[in-house]
Amino acid sequence: MSLLVISSSLNPNSRSRIMAKEACEFAKPLEHQLEILDLKHLGLPPCDGGPSYSHENTVRAATMVSRADAILLSTPIYNYSLNAAAKNLIELTGQHWKNKVVGFLCAAGGDSSYMSIMGIAGSLMLDFRCIIIPRFVYASGAAFADGALVDEELRSRIHELVQETLRISRALKN
C-alpha cells in the first residue's frame, strides 16, 4: 500500500499545505509507503502537449503518481476550481492516474465554493477511471489562525479522509 499526498499550492502561506501536512502526520503511523509531492518545490513546466512531458520534474511527478495506490490531492480553491498548478500536474501526468483512489483536501476563502472540486473529480473518474472518495474535506479561512490549523472538527475530518482513502484502497487492492 502506498499513499501519495500532493500539496498543489504555490503560496508560501498556504492553508491547503497545512491540511496536507496534517494528513501526512496522521498517515505516517498507518502507512509504510507515504510519499509527499509539494508542487511549490518541484517546478513543473506548463503542459504544452509535447516536450513538457519529458521534462525531468514531470517524469519525477509521473513516477510518484504511478507508484501510488491512493492519492490525496490538497489544493486551494481559486475562482470556483482547483488551482492551476494542480490542473497542470494532472494534465502532465494524466495516464498515471489510471485506477487510483483519490481524495481531496480543499482550502478556500469562504463557504461558497464547496462543490467546486466536482469538475476535476468527474474528469478523473471518466478519463482515468479513478475511484473518488466522496468524503472530501473543504475548509474555509476560519479554520486557520497564525499559519496553523485551529479547528478540531476539521482535523478530525482530515483524519477520517485519510482512513477512508486507505480503507478503500486496501479493499480494491485485495
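Would you point out the residue of the stretch 14-69, among those that are of a type in the set (D, E, K, R) and open to solvent by less than 60 Å² (accessible area, probe 1.4 Å), that is farthest from Ser2 (Cα to Cα)? It would help to see each step written out before you state the result.
Filtering the stretch 14-69 for residues of a type in the set (D, E, K, R) gives 15, 17, 21-22, 25, 28, 31, 35, 38, 40, 48, 56, 60, 67, 69.
Now narrow it down to the ones that are open to solvent by less than 60 Å² (accessible area, probe 1.4 Å): 17, 22, 31, 35, 38, 69.
Working: Arg17: 20, Glu22: 17, Glu31: 7, Glu35: 8, Asp38: 17, Asp69: 5 Å.
The selected residue is Arg17.
Could you please give the count of residues in the stretch 151-173 that are among the small types (Gly, Ala, Ser), open to solvent by 60 Å² or more (accessible area, probe 1.4 Å) and within 17 Å of the chain's Cα centre (by Cα)? Don't jump to the end; show me each part of the working.
Filtering the stretch 151-173 for residues among the small types (Gly, Ala, Ser) gives 156, 169, 171.
Filter again for open to solvent by 60 Å² or more (accessible area, probe 1.4 Å), leaving 171.
When the remaining residues are screened for being within 17 Å of the chain's Cα centre (by Cα), the result is none.
Residues in the stretch 151-173 being among the small types (Gly, Ala, Ser), open to solvent by 60 Å² or more (accessible area, probe 1.4 Å) and within 17 Å of the chain's Cα centre (by Cα): 0 in total.
When the residues of the stretch 1-55 are narrowed to those that are without any contact (Cβ under 8 Å) to a residue 60 or more places away in the chain and basic (Lys, Arg), which ends up nearest to Ile117 (Cα to Cα)? Walk me through how you get there before you give the answer.
Of the stretch 1-55, the ones without any contact (Cβ under 8 Å) to a residue 60 or more places away in the chain are 12, 17, 21, 24-25, 28-29, 32-55.
Now narrow it down to the ones that are basic (Lys, Arg): 17, 21, 28, 40.
Values: Arg17: 17, Lys21: 20, Lys28: 26, Lys40: 20 Å.
Among those that are without any contact (Cβ under 8 Å) to a residue 60 or more places away in the chain and basic (Lys, Arg), it is Arg17.
Can you tell me which residues in the stretch 29-67 are of a type in the set (D, E, K, R), more than 19 Å from Ser16 (Cα to Cα) and at pLDDT 95 or above? Before the answer, list the steps.
Taking the stretch 29-67 as the starting set, the residues that turn out to be of a type in the set (D, E, K, R) are 31, 35, 38, 40, 48, 56, 60, 67.
Filter once more, so that each one left must be more than 19 Å from Ser16 (Cα to Cα): 31, 48, 56, 60, 67.
Passing the criteria: Asp48, Glu56, Arg60, Arg67.
Among the residues of the stretch 135-145, is any over 15 Å from Arg17 (Cα atoms) and of a type in the set (S, T, N, Q)?
For the stretch 135-145, residues over 15 Å from Arg17 (Cα atoms) and of a type in the set (S, T, N, Q): absent.
Which condition breaks for Gly50 when tested against (1) in contact with a helix residue (DSSP H, G or I) (Cβ under 9 Å, 6 or more places away or on another chain); (2) over 26 Å from Arg167 (Cα atoms); (3) of a type outside the set (D, E, K, R)?
(1)
For the stretch 1-45, what are the residues that are of a type in the set (Gly, Ala, Ser) and either in contact with a strand residue (DSSP E or B) (Cβ under 7 Å, 6 or more places away or on another chain) or in a helix (DSSP H, G or I) (or both)?
To start, the set of residues in the stretch 1-45 that are of a type in the set (Gly, Ala, Ser) comprises 2, 7-9, 14, 16, 20, 23, 27, 43.
Across the stretch 1-45, the qualifying residues are Ser2, Ser7, Ser8, Ser9, Ser14, Ser16, Ala20, Ala23, Ala27.
Those residues that are part of a helix (DSSP H, G or I), surrounded by fewer than 18 Cβ atoms within 10 Å (Cβ to Cβ) and not charged (D, E, K, R), I need them from the stretch 97-136; list them, please.
Restricting attention to the stretch 97-136, the residues satisfying the condition of being part of a helix (DSSP H, G or I) are 97, 118-128.
If we keep only those that are surrounded by fewer than 18 Cβ atoms within 10 Å (Cβ to Cβ) too, we end up with 118-119, 122-123, 125-128.
The answer is Met118, Gly119, Gly122, Ser123, Met125, Leu126, Phe128.
The values are calculated or read from the model by the stated rules, or taken from the named source; none is laboratory data. None of these values were measured; they are calculated from a predicted model. A quick note on method: Cβ atoms are made from the backbone with ideal geometry, for glycine too, and the neighbour counts reach across all protein chains shown. The protein model used for the area step is the full one, side chains on, heavy atoms only, and it has no ligands, DNA or RNA in it. Shrake-Rupley method; radii C 1.70, N 1.55, O 1.52, S 1.80 Å.
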